[in-house]
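Presented below is the structure to which this report refers.
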Amino acid sequence: MKTVMVVEDEVKIRDVILSYLKKEGFKTLEAATGSDALEALRNSSVDLVILDLMLPDMDGEQVCLAIRRMNSMPILMLSARASDNHRIKGLSIGADDYLTKPFDPREVVARIRAILRRTDDSQLLADRSSFNQGHLEIDSLKQMVFCHGEPINLTPNEYKLLLTLAKYPQRHFTRNELVDKVLGYDYEGDIRAIDQHVKNIRYKIEPDPKNPLYIRTVYGSGYRFAGSGR
Ligand code: CA
């Protein structure tokens with residue numbers, strides 16, 4: 001059973017979403033403010049967060065980034081205006097999807113199921129995944145990477161970093177998140193180590209390392225994988 005947290009200060013909207021989720025067999029948690037949500041997320045295990053952009057204490061964007069610094073659970077953003085959708089998308093703040101109010105609660109449930117399917121680790125990468133018409137291939141059984149069919153020599157950390165990013169194409173990862181996932185939670189060195197790894201990977205796999213096709217920089221924050229196809 002998956003647990004979904006609903007972060008929304010408008011009681012009516014929150015209750016509608018909660019009741020649909022319960023009806024659909026989800027476990028639920030709720031929060032009316034950004035700080036309550038962050039507090040609750042520190043103490044409980046949540047599979048997905050529905051996050052309203054307009055909260056009384058914090059901007060939904062800030063909450064989104066704060067969640068991203070903690071871990072990589074998927075986030076479905078709610079916004080009141082269609083114009084905000086550009087903001088959500090443009091800022092690459094780490095939301096996995098977004099919906100504009102008013103919405104049909106069934107649509108919320110459908111989106112959640114789609115996100116959870118997409119982010120279910122067990123089905124993320126095939127044994128051998130191919131990107132950009134076969135230019136880049138990742139063989140997760142052999143733990144090898146190929147460019148145009150030629151094996152590429154990546155260090156274990158470089159491989160892990162590339163795999164982490166490639167599992168979630170277009171998903172924005174912060175440096176802290178990548179440090180946790182690749183170097184481990186007990187890593188105490190400079191988080192810029194991630195930048196060096198990215199630089200090395202780019203020189204090994206990118207046709208033009210200065211204009212990367214695969215690992216794109218999210219300015220001021222982190223990285224995302226932009227290869228296409230699987
Ligand atoms: Ca609100």
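The values are calculated or read from the model by the stated rules, or taken from the named source; none is laboratory data. Only a predicted model underlies this, so the values are computations on that prediction, with no experimental measurement involved. Backbone-built Cβ (ideal geometry, glycine too); neighbour counts: all protein chains shown.
Structure summary
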| read-out | value |
| --- | --- |
| Filter result (part of a loop (DSSP other than H, G, I, E, B), within 16 Å of the ligand (Cβ to nearest atom) and in contact with a helix residue (DSSP H, G or I) (Cβ under 8 Å, 6 or more places away or on another chain)) within the stretch 1-21 | GLU8 |
| Selection from the stretch 1-45 of residues that are closer than 20 Å to ILE67 by Cβ and of a type in the set (Gly, Ala, Ser) | ALA31, ALA32, GLY34, SER35, ALA37, ALA40, SER44, SER45 |
| Criterion (within 30 Å of TYR20 (Cβ to Cβ), at pLDDT below 90 and within 14 Å of the chain's Cα centre (by Cα)) met by exactly one of LYS181, LYS167 | LYS167 |
| Any hit, the stretch 106-116, residues being farther than 18 Å from SER228 by Cβ and either modelled with pLDDT under 80 or in contact with a Gly (Cβ under 8 Å, 6 or more places away or on another chain) (or both) | no |
